[in-house]
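Each remark here refers to the structure printed beneath this line.
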């Protein structure tokens, strides 16, 4: 339990942000699974995933290098599937 008002507020903010970040990470995982499991993913799915990764990195939800790594692996997978 927080000892001060400001500490209590920070705790509430932290929980709210964690919930928002968790939903974004879950969405990223879902998008990645859809693209990877598709026999031939369409360009719209791929664009959506790359956009979501960039947005998550921009907001600090995932690290910039992690987003770049995931995009590189995605592109390599797409090249192999074609």
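Where a number appears in this text, it was derived from the coordinates with a stated rule and is not lab data. Remember, it's a predicted structure, so these values are computed and weren't measured experimentally.
Points to keep in mind about this one:
- The stretch 5-81: mean projected area of Cα convex hull, nm²: 5.3 nm²
- Cα long-axis angle, helix 5-37 against the chain (0 to 90 degrees, to the nearest 10): 10 degrees
- Applying 0.36 nm per residue to the separation of residue 81 and residue 20 and subtracting their alpha-carbon distance, the gain on full extension is 18.6 nm.
- Between the stretch 59-82 and the stretch 31-55, the C-alpha centres lie 10 angstrom from each other.
- Helix axis angle, 43-59 relative to the chain longest principal axis, alpha carbon, degrees: 30 degrees
- Compared with the dominant Cα axis of the chain, that is its longest principal axis, helix 64-81 is turned about 20°.
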